[in-house]
1. State which residue pairs qualify: first residue polar (S, T, N, Q) and inside the stretch 100-116, second residue crowded, with 19+ Cβ neighbours inside 10 Å in any location, beta carbons under 9 Å apart, and separation of 6 or more residues or different chains.
2. Only helices (runs of 4 or more DSSP H) wholly contained in the stretch 1-118 count here; list those with 3 or more residues that are farther than 27 Å from residue 163 by Cα and assigned by TED's automatic domain parsing to the domain that holds residue 202.
3. Could you list, in sequence order, all residues of the stretch 28-47 that are surrounded by 18 or more Cβ atoms within 10 Å (Cβ to Cβ) and among the small types (Gly, Ala, Ser)?
4. Of the residues that make up the stretch 190-198, is at least one within 19 Å of the chain's Cα centre (by Cα), surrounded by fewer than 17 Cβ atoms within 10 Å (Cβ to Cβ) and in a helix (DSSP H, G or I)?
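The values are calculated or read from the model by the stated rules, or taken from the named source; none is laboratory data. Keep in mind the model is a prediction, meaning the values are calculated, not measured. Methodologically, a virtual Cβ is constructed for each residue, glycine included, from the backbone with ideal geometry; neighbour enumeration extends over all protein chains shown.
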Amino acid sequence: MKRILLIEDEANVVSFIKKGLSEEGYEMSVAFDGETGLKMALAHRYDLIILDIMLPGKNGLEVCRAIRAENDLSPILFLTALGTAENVVIGLDTGADDYLVKPFKFIELLARVKSLLRRSTAHAQPGGQPAEEIYRIDDLVLNDTSKAVTRGGEPVTLTSTEYRLLLLFITNRNRVLSRSDILEKVWDVNFDMGTNVVDVYVNYLRKKIDKDRPVKLIHTMVGMGYVMKEA
């Protein structure tokens, strides 16, 4: 049974989420403030953490940073009433994997939960010593075995979602990918999530691999989507 930690201070939201996910077969633990939630997250192993941003004590951004500082890679889904691109980017910068803007329908939350859990399971490291899978474009190198990324020999630190997005681009170099393609492959959903999440992540990835570089690798194809290419 998958274990989920919900860190949320609104009792009605807690009741709504806990009831729905428990009925779906998930084992739910709840914390009503950031300090307690952080202690629980670090003391136990959870398959997913659902984390509100506006919390008493430590806010969700502080909790997320502290979890990632302990090298805990549990998937984190932010709940936020602040849905602007700027606020989303701030949240993703702390190491969250996805976000959901309040108010939301349970079916949308469930889709995000299932997607994050599937991705986490699919990317678990297998046993043994598999052959290294290395992809290159210009001076960007992605090692899909060690999950290491460098550009010009310098390491690039990515969140797990940014890494999946970059892997999708580099394995489809010179191919235009629509936003729907990216949502399906990176977020594992085949419907419009009603957010600009793709654009936010693409822009954030650009800052990490293209900023201040003479050769830009991620290009916008107006009206069509994005493409990774050298020219």
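1. Correct list of pairs: 115/98; 115/187.
2. Details: elements: 11-23, 34-43, 60-69, 85-93.
No helices (runs of 4 or more DSSP H) qualify here.
3. 31, 34, 37, 41 - these are the residues of the stretch 28-47 that are surrounded by 18 or more Cβ atoms within 10 Å (Cβ to Cβ) and among the small types (Gly, Ala, Ser).
4. no
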